[in-house]
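The values are calculated or read from the model by the stated rules, or taken from the named source; none is laboratory data. All values reported here derive from a predicted model rather than from experimental measurement. So basically every Cβ, Gly included, is an ideal-geometry build from the backbone, and we count neighbours across all protein chains shown. Just so you know, the surface numbers come from the protein's heavy atoms only, side chains and all, with ligands and any DNA or RNA stripped out. Shrake-Rupley method; radii C 1.70, N 1.55, O 1.52, S 1.80 Å.
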Amino acid sequence: MEFRSAADVATRLGETGYLCDDALATVTFLALGMRRPLLLEGEPGTGKTALAEAIAQTLDLPLIRLQCYEGIDATQALYDWDFPRQILHLRALEASGGVDAEQAEKSLYDERFLLARPVLAALRQAPAVLLVDEVDRADDEFEAFLLEVLSTYQVSIPEFGTVTAETPPVVLLTSNRTRELHDALKRRCLYHWIDHPGLEREIEIVRSRAPEVSAALNRQVVTVVQTLRDADLQKPPGVAETLDWARALHLLGVAALDLESAAATVGALVKYREDAEKVRHALDRLLTA
Amino acid sequence: MTELSAFADATRPARPGEEILLGFTVALRAAGVAVTHDRAQAYLEAVALAGIANARAAYYAGRATLCGSPADLERYDQVYEAYFDPRAGLPRRRQAPPGVPTASTSILPESEAGGAGEADDEEIVRARASAAEVLRQRDIATLTANEKARLAEMFATLSVRPPLRRSGRLRPWHRGSLDASRTLRASLRRMGEPARLEFRRRALRARPVVLLVDVSGSMSSYADALLRLAHRLGTSGGPVETFALGTRLTRLTRALAARDAERALIAAGETVPDWSGGTRLGETLQAFVDRWGRRGLARGAVVVVFSDGWERGDASLLAEQMARLHRIAHSVVWVNPHRGKANYEPVQLGIRAVLPHVDAFVAGHSLAAFAELLDVISRA
């Protein structure tokens with residue numbers, strides 16, 4: 001069930017199609033071993049979210065995902081009471097008549113009226129993998145609250161009691177670094193910066209995730225993408241874009257990259273008009289060279 | 001990094017592994033990485049788990065437990081190289097003493113800092129304070145290199161409050177509009193008795209600030225100070241975007257994101273291709289509005305332009321672009337270093353062209369003027 005070593009992590013994640021390098025394998029192993037959350041930062045499209053999916057699949061645990069956004073608060077992350085049902089329940093009690101007030105109140109805060117949001121769900125279902133995605137999008141107040149949960153792995157609900165995870169969930173936090181996270185939160189976590197993969201590794205990734213793409217096309221596509229990452233683009237393409245592009249070219253029945261098909265599919269690779277123009281120029285140079 | 005090596009099978013006189021590792025954290029702290037006690041503890045735990053015999057794993061364990069940002073990772077690698085012998089994974093024999101003196105935060109000149117008798121202390125403190133005050137008021141263009149270095153440290157004393165706007169989010173408040181859900185919730189707690197009304201109002205959020213810094217030749221004596229100001233603003237909470245205006249437009253936000261001001265300024269210097277070149281203010285502004293501003297960067301933002309408005313030839317394009325920018329932005333502040341000088345008259349064509357399209361026209365030639373500017377921005 002658990003991983004035995006960093007090499008074991010690499011092999012078993014590799015079986016699910018997630019290829020990670022030494023550093024990431026070691027950090028993942030440590031995070032699981034030390035029961036600490038793992039904070040992953042890096043450019044979009046470097047496989048931060050995919051790692052959580054791969055871990056969940058490998059360990060055969062449910063993946064519970066909390067997508068952060070501006071304005072998210074505890075009722076959306078932790079728990080909420082099912083308000084309409086509580087009212088209905090009260091009305092039903094009233095209609096049946098002759099209820100003890102104290103009893104009625106007690107019955108209101110029963111487990112069946114509790115709506116478990118991702119964090120609470122992860123604690124109750126543990127062992128599980130909890131993915132807190134794009135935590136940099138949430139406000140800083142939310143971080144403080146997250147910190148509290150992550151340091152004790154328990155949530156106290158005033159009307160209900162304390163919910164503690166029997167085994168702490170595997171927690172992964174991802175951030176695109178649109179803002180600096182608070183130090184206190186970072187200190188709780190193991191930190192890893194995911195870089196874009198190198199040429200050979202990215203070719204391997206495309207081979208394992210999109211096996212239908214021919215080897216020659218795969219190498220060409222990845223070479224172009226790697227060059228483009230050094231060009232001054234507004235949004236350099238991530239691995240996800242590489243995969244999209246390779247699949248798009250494959251769908252068009254392209255065996256080897258040429259200017260025409262590349263120009264037709266460039267929308268899979270870059271999402272800014274200015275970038276698309278730059279890519280066309282770069283392709284011109286790369287393919288004629 | 002080395003493949004396999006051991007602390008354990010060292011032939012040298014053994015030091016306890018923990019001591020070696022903790023020594024490393026001390027060196028790392030001296031290099032500017034904020035290693036706290038609990039982080040050091042996590043490091044020991046992680047190394048123990050990864051296996052102390054595996055230098056590579058121990059290296060990754062340190063990266064994961066002691067670092068918190070890409071800048072930290074960079075420093076970690078440097079210190080690691082220096083501390084551990086890359087061939088054996090053991091600490092080097094002759095290490096730099098861990099207690100490397102940290103950068104002085106004093107704003108005082110060296111000559112004043114030493115050699116004072118105790119009796120004169122108060123006098124000297126007062127003299128220093130007034131020297132700093134004079135420096136605050138001085139025109140930056142007239143400072144010597146030494147004075148500029150002292151002024152650079154004083155930027156930390158500027159207090160920055162980002163401008164605020166109302167957000168779409170509602171927050172509980174003691175008055176405002178009725179918060180139905182909280183009122184109902186409160187009544188439920190009292191068995192359905194509506195005992196108390198709850199209210200809410202729109203929350204406040206930091207309004208984005210966009211800084212456009214003219215780095216052309218005529219502004220070169222202020223460029224360093226302006227970028228320092230941009231860095232100070234950018235690292236103080238609210239969203240701040242910085243661009244350099246020269247013969248072309250350069251985005252500096254990423255370069256200035258480093259927490260350390262010196263590093264950020266070096267990065268910015270490397271990013272800008274046309275320091276002290278000419279200006280094509282109208283065209284670069286157009287590039288900004290087209291590429292960034294219109295798309296949302298300047299929408300609802302406080303846009304601050306640092307420039308003397310020196311435009312060769314026709315200023316009609318500049319006026320046109322400023323008008324566009326003014327329509328998009330929440331407010332536009334024009335900062336002209338010459339404004340602060342005695343007998344200043346806005347006579348240049350460029351300045352006359354932009355004045356109808358700015359909300360505030362302020363000086364920016366000294367630290368004191370910067371403090372006033374920050375005030376203008378926070379109230380915008």
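Any chance segment B:244-254 includes a residue that's buried (at least 17 other Cβ atoms within 10 Å of the Cβ), in contact (Cβ under 8 Å) with a residue 40 or more places away in the chain and within 14 Å of chain A (Cβ to nearest Cβ)?
First pass over segment B:244-254, keeping only residues buried (at least 17 other Cβ atoms within 10 Å of the Cβ): B:244-246, B:249-253.
Keeping just the survivors that are in contact (Cβ under 8 Å) with a residue 40 or more places away in the chain gives B:245, B:249, B:251.
Narrowing further to those that are within 14 Å of chain A (Cβ to nearest Cβ): B:249, B:251.
Scanning segment B:244-254 turns up at least one residue that is buried (at least 17 other Cβ atoms within 10 Å of the Cβ), in contact (Cβ under 8 Å) with a residue 40 or more places away in the chain and within 14 Å of chain A (Cβ to nearest Cβ).
Which of the residues spanning segment B:272-301 are of a type outside the set (Gly, Ala, Ser), in a helix (DSSP H, G or I) and either away from chain A (no Cβ under 14 Å) or under 27 Å from B:Asp224 (Cβ atoms) (or both)? Even if it seems obvious, please write down each step before you answer.
Of the residues in segment B:272-301, the ones of a type outside the set (Gly, Ala, Ser) are B:272-275, B:279-281, B:283-286, B:288-292, B:294-295, B:297, B:299.
From the residues that got through so far, the ones that are in a helix (DSSP H, G or I) too are B:281, B:283-286, B:288-292, B:294-295, B:297.
Listed by number, the residues that qualify are B:Leu281, B:Glu283, B:Thr284, B:Leu285, B:Gln286, B:Phe288, B:Val289, B:Arg291, B:Trp292, B:Leu297.
May I ask you to list the residues in segment B:195-219 that are part of a loop (DSSP other than H, G, I, E, B) and either open to solvent by less than 80 Å² (accessible area, probe 1.4 Å) or in contact with a Leu (Cβ under 7 Å, 6 or more places away or on another chain) (or both)?
B:Ala195, B:Leu197, B:Glu198, B:Arg207, B:Pro208, B:Val215, B:Ser216
One line per residue, one yes/no per condition, for (1) free of Cβ contacts under 8 Å to residues at least 60 places away in the same chain; (2) assigned by the TED database to the domain that holds B:Thr271; (3) under 30 Å from B:Leu285 (Cβ atoms):
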residue	(1), (2), (3)
B:Glu153	yes, no, no
B:Arg175	yes, no, no
B:Met191	yes, no, no
B:Ala223	yes, yes, yes
B:Ser236	no, yes, yes
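For A:Arg137, are the conditions met, namely being under 27 Å from B:Arg171 (Cα atoms), under 16 Å from the mean Cα position of the chain (by Cα) and surrounded by fewer than 17 Cβ atoms within 10 Å (Cβ to Cβ)?
Working: under 27 Å from B:Arg171 (Cα atoms): yes; under 16 Å from the mean Cα position of the chain (by Cα): yes; surrounded by fewer than 17 Cβ atoms within 10 Å (Cβ to Cβ): no.
Answer is no for this residue.
Looking at (1) at pLDDT below 90; (2) out of contact with any Leu (no Cβ under 9 Å at 6 or more places or on another chain), which is the one condition that is false for A:Thr26?
Failed condition: (1).
Within segment A:260-273, work out how many residues are surrounded by 12 or more Cβ atoms within 10 Å (Cβ to Cβ) and farther than 21 Å from A:Val206 by Cβ. Before the answer, list the steps.
Restricting attention to segment A:260-273, the residues satisfying the condition of being surrounded by 12 or more Cβ atoms within 10 Å (Cβ to Cβ) are A:261-272.
Filter once more, keeping what is farther than 21 Å from A:Val206 by Cβ: A:272.
Total meeting the criteria: 1.
For the list (1) open to solvent by 30 Å² or more (accessible area, probe 1.4 Å); (2) of a type outside the set (Gly, Ala, Ser); (3) touching a residue at least 12 places away in the same chain (Cβ under 8 Å), I need the number of the one condition that B:Ile266 fails.
In the conditions (1) open to solvent by 30 Å² or more (accessible area, probe 1.4 Å); (2) of a type outside the set (Gly, Ala, Ser); (3) touching a residue at least 12 places away in the same chain (Cβ under 8 Å), B:Ile266 misses (3) alone.
Given the options A:Phe145, A:Phe113, name the one that is surrounded by fewer than 20 Cβ atoms within 10 Å (Cβ to Cβ), over 17 Å from the mean Cα position of the chain (by Cα) and within 14 Å of chain B (Cβ to nearest Cβ). Let's see the steps before the verdict.
On the way: A:Phe145 fails: within 14 Å of chain B (Cβ to nearest Cβ).
Of A:Phe145, A:Phe113, the one residue that is surrounded by fewer than 20 Cβ atoms within 10 Å (Cβ to Cβ), over 17 Å from the mean Cα position of the chain (by Cα) and within 14 Å of chain B (Cβ to nearest Cβ) is A:Phe113.
Please list, ordered by residue number, the helices (runs of 4 or more DSSP H) wholly in segment B:16-75 having 1 or more residues that are small (Gly, Ala, Ser) and closer than 25 Å to B:Arg254 by Cα.
Details: elements: B:17-30, B:37-50, B:55-66.
Those helices (runs of 4 or more DSSP H) span B:55-66.
Looking at (1) open to solvent by less than 40 Å² (accessible area, probe 1.4 Å); (2) within 14 Å of chain B (Cβ to nearest Cβ); (3) small (Gly, Ala, Ser), find the lone condition where A:Ser151 falls short.
Every condition holds for A:Ser151 apart from (1).
Considering only residues that are under 25 Å from A:Leu181 (Cβ atoms), open to solvent by 30 Å² or more (accessible area, probe 1.4 Å), in a helix (DSSP H, G or I) and touching a residue at least 40 places away in the same chain (Cβ under 8 Å), which ones fall in segment A:3-52?
Listed by number, the list holds a single entry, A:Thr49.
Within segment B:275-307, restricting attention to residues that are in contact with a strand residue (DSSP E or B) (Cβ under 8 Å, 6 or more places away or on another chain) and open to solvent by 10 Å² or more (accessible area, probe 1.4 Å), which residue is farthest from B:Gly238 (Cα to Cα)? Can you show your working first?
Taking segment B:275-307 first, the residues in contact with a strand residue (DSSP E or B) (Cβ under 8 Å, 6 or more places away or on another chain) are B:279, B:281, B:284-285, B:287-288, B:291-293, B:297-298, B:300-307.
Now restrict to residues that are open to solvent by 10 Å² or more (accessible area, probe 1.4 Å): B:279, B:287, B:291-292, B:297, B:300.
Working: B:Thr279: 29, B:Ala287: 25, B:Arg291: 22, B:Trp292: 18, B:Leu297: 14, B:Gly300: 14 Å.
It comes out as B:Thr279.
Scan segment A:68-92 for residues that are away from chain B (no Cβ under 11 Å) and buried (at least 16 other Cβ atoms within 10 Å of the Cβ) and jot them down.
A:Cys68, A:Ala74, A:Gln76, A:Ala77, A:Leu78, A:Tyr79, listed by residue number.
Go through (1) open to solvent by 20 Å² or more (accessible area, probe 1.4 Å); (2) part of a helix (DSSP H, G or I); (3) free of Cβ contacts under 8 Å to residues at least 12 places away in the same chain; (4) not hydroxyl-bearing (Ser, Thr, Tyr) and name the single condition A:Ala276 misses.
A:Ala276 satisfies every listed condition except (1).
Residue check, A:Ala121 against (1) buried (at least 16 other Cβ atoms within 10 Å of the Cβ); (2) within 12 Å of chain B (Cβ to nearest Cβ), all met but one. Which one?
(2)
Consider A:Ala248 carefully, then state whether it is crowded, with 17+ Cβ neighbours inside 10 Å, without any contact (Cβ under 8 Å) to a residue 40 or more places away in the chain and in contact with a helix residue (DSSP H, G or I) (Cβ under 8 Å, 6 or more places away or on another chain). Show your work before the answer.
On the way: crowded, with 17+ Cβ neighbours inside 10 Å: yes; without any contact (Cβ under 8 Å) to a residue 40 or more places away in the chain: yes; in contact with a helix residue (DSSP H, G or I) (Cβ under 8 Å, 6 or more places away or on another chain): yes.
In short, yes.
Being surrounded by fewer than 14 Cβ atoms within 10 Å (Cβ to Cβ) and out of contact with any Asp or Glu (no Cβ under 8 Å at 6 or more places or on another chain) narrows it down to one residue among A:Ala240, A:Ala255; which is it?
Values: A:Ala240 fails: surrounded by fewer than 14 Cβ atoms within 10 Å (Cβ to Cβ).
Selected residue: A:Ala255, the only one of A:Ala240, A:Ala255 that is surrounded by fewer than 14 Cβ atoms within 10 Å (Cβ to Cβ) and out of contact with any Asp or Glu (no Cβ under 8 Å at 6 or more places or on another chain).
Looking at segment A:124-134, which of its residues are more than 19 Å from A:Thr49 (Cα to Cα) and surrounded by 18 or more Cβ atoms within 10 Å (Cβ to Cβ)? Full working, then the answer.
As a first pass, look at segment A:124-134 and keep what is more than 19 Å from A:Thr49 (Cα to Cα): A:124-126.
Those that are more than 19 Å from A:Thr49 (Cα to Cα) and surrounded by 18 or more Cβ atoms within 10 Å (Cβ to Cβ): A:Arg124, A:Ala126.
May I ask you to verify whether B:Ser187 is in contact with a helix residue (DSSP H, G or I) (Cβ under 9 Å, 6 or more places away or on another chain) and among the hydroxyl-bearing types (Ser, Thr, Tyr)? Give the steps one after another, and end with the answer.
On the way: in contact with a helix residue (DSSP H, G or I) (Cβ under 9 Å, 6 or more places away or on another chain): no; among the hydroxyl-bearing types (Ser, Thr, Tyr): yes.
Judged against the criteria, B:Ser187 is not a match.
Taking segment A:168-190 as the region of interest, how many residues are within 26 Å of A:Leu59 (Cα to Cα) and either among the small types (Gly, Ala, Ser) or in the same structural domain as A:Ala240 (by the TED database) (or both)?
1
Within segment A:63-109, can you find the residues that are assigned to a loop (DSSP other than H, G, I, E, B) and more than 32 Å from the chain's Cα centre (by Cα)?
First pass over segment A:63-109, keeping only residues assigned to a loop (DSSP other than H, G, I, E, B): A:68-73, A:78, A:82, A:97-100, A:109.
Passing the criteria: A:Gly97, A:Gly98, A:Val99, A:Asp100, A:Tyr109.
Could you run through segment B:16-51 and say how many residues are more than 13 Å from chain A (Cβ to nearest Cβ), out of contact with any Leu (no Cβ under 7 Å at 6 or more places or on another chain) and either β-branched (Val, Ile, Thr) or open to solvent by less than 10 Å² (accessible area, probe 1.4 Å) (or both)? Spell out how you get there, then give the answer.
Of the residues in segment B:16-51, the ones more than 13 Å from chain A (Cβ to nearest Cβ) are B:16-32.
With the extra rule that they be out of contact with any Leu (no Cβ under 7 Å at 6 or more places or on another chain), the set shrinks to B:16-17, B:19-20, B:22-24, B:26-27, B:29-32.
If we keep only those that are either β-branched (Val, Ile, Thr) or open to solvent by less than 10 Å² (accessible area, probe 1.4 Å) (or both) too, we end up with B:20, B:24, B:26.
Within segment B:16-51, residues that are more than 13 Å from chain A (Cβ to nearest Cβ), out of contact with any Leu (no Cβ under 7 Å at 6 or more places or on another chain) and either β-branched (Val, Ile, Thr) or open to solvent by less than 10 Å² (accessible area, probe 1.4 Å) (or both) number 3.
Can you find, within segment B:330-368, the residue that is nearest to B:Glu283 (Cα to Cα) among those that are buried (at least 20 other Cβ atoms within 10 Å of the Cβ) and small (Gly, Ala, Ser)?
B:Gly350
How many residues are assigned to a helix (DSSP H, G or I), within 14 Å of another protein chain (Cβ to nearest Cβ) and not polar (S, T, N, Q) if we restrict to segment B:139-194? Step through it out loud before you land on a result.
First pass over segment B:139-194, keeping only residues assigned to a helix (DSSP H, G or I): B:140-142, B:145-157, B:180-189.
Subsequent filtering for residues that are within 14 Å of another protein chain (Cβ to nearest Cβ) retains B:180-189.
This time we only want the ones that are not polar (S, T, N, Q), so: B:180, B:182, B:184-186, B:188-189.
Number of matching residues: 7.
Considering only segment A:163-219, state which residues are closer than 20 Å to A:Leu19 by Cα, within 13 Å of another protein chain (Cβ to nearest Cβ) and open to solvent by 80 Å² or more (accessible area, probe 1.4 Å).
Hit for segment A:163-219 is A:Asp195, nothing else.
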